[in-house]
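Q: Quick one: the structure is below, and I'll ask about it shortly.
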Amino acid sequence: MQEDTHIKKSLDIIEGSKSGIAITSESIGILENTFNILSKKESELSESEINDDDYISIIIHIGSFFQENGENKKAILYYEKGYVFSQKKNDMRKMKLFLVFQAGIFGPAEDFGNLTRICDLHDMLGGEDDILMDGWKRIVELHKTLNMGTSKSGCFIATAAYGTPFDPKIDVLRTWRDDSLQKSIFGRSFIKFYYSISPPIAKVISMSIFLRWLVRISISPIIMLLKRKYN
């Protein structure tokens, strides 16, 4: 009964926001409670009175509220949850939307490492161009040029497999690349070859639950081995 009350109040808040009613701290508390309830039974959303779009709206409202109030870490946390949920639904349009939201935090903060990873992830999804993301991509390219290509680029296949560029396991691979591979001719050649073939492979992987699982299983032993030195 209490769960139903939270859900009904959240739906009322969403409807009110469409009419220009401001989201308050109290409203966010209700939305967060509803999110916590629903996140435990995402697979059952179609059987409840709240649908996928309402669930996405709740995530966007919470993330936007925290972003507007300068709590960017919390905002990114929710935007990532929205991305992962959209990925489960194979909804590329919403996946790209949540990437744009994250770019809107990293870009103004001049966090070029994370902004680059978000742009790389956006490129994997392909499809129509996005004006906002295209602007961030141009900024990333300019930053790379000014810094003679020293910006940290993403690990395409691992990022696609884990569904986020921020998983600690991917950081292990990046550290291995930057601290070891980059320092040898063979390593740099391997990196160049990897970046030339991985984007289309990563795109296929990102759209398949089975392939994402298979890649994670395949690279886990490598990550465990490298973690001792490159964590």
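Computed from the coordinates by the stated procedures, all read-outs in this text should not be read as laboratory data. Please read these numbers as outputs of a predicted model, since none were measured by experiment. Using ideal geometry, Cβ is built from the backbone for each residue, glycine included, and neighbour counts are taken over all protein chains shown.
Q: Is the C-alpha gyration tensor of segment 155-231 telling us rounded, prolate or oblate? Criteria: a/c under 1.5 is rounded; beyond that, a/b larger than b/c is prolate, otherwise oblate.
A: Oblate.
Q: For the Cα atoms of the chain, what angle does the longest principal axis make with the long axis of helix 2-18, in degrees from 0 to 90, nearest 10?
A: 80 degrees
Q: Once both axes come from the Cα atoms, what is the angle between helix 25-39 and the longest principal axis of the chain, in degrees from 0 to 90, rounded to 10?
A: Tilt relative to the chain: about 70 degrees.
Q: Distance from the Cα centre of segment 167-188 to that of segment 213-228, in angstrom?
A: A separation of 14 Å, based on Cα centres.
Q: For segment 72-143, what class follows from the C-alpha gyration tensor (a ≥ b ≥ c being the square roots of its eigenvalues): rounded when a/c is under 1.5, otherwise prolate if a/b is larger than b/c, else oblate?
A: oblate
Q: Scan the chain and hand back the longest stretch that contains none of the GluC sites (Glu not before Pro) lying in DSSP loops with at most 10 other Cβ atoms within 10 Å.
A: Formally, the longest exposed-site-free interval is 129-231.
Q: Right, next: Compute the angle between helix 52-68 and the longest alpha-carbon principal axis of the chain, please, reported from 0 to 90 degrees and rounded to the nearest 10.
A: That helix lies at roughly 80 degrees to the long axis.
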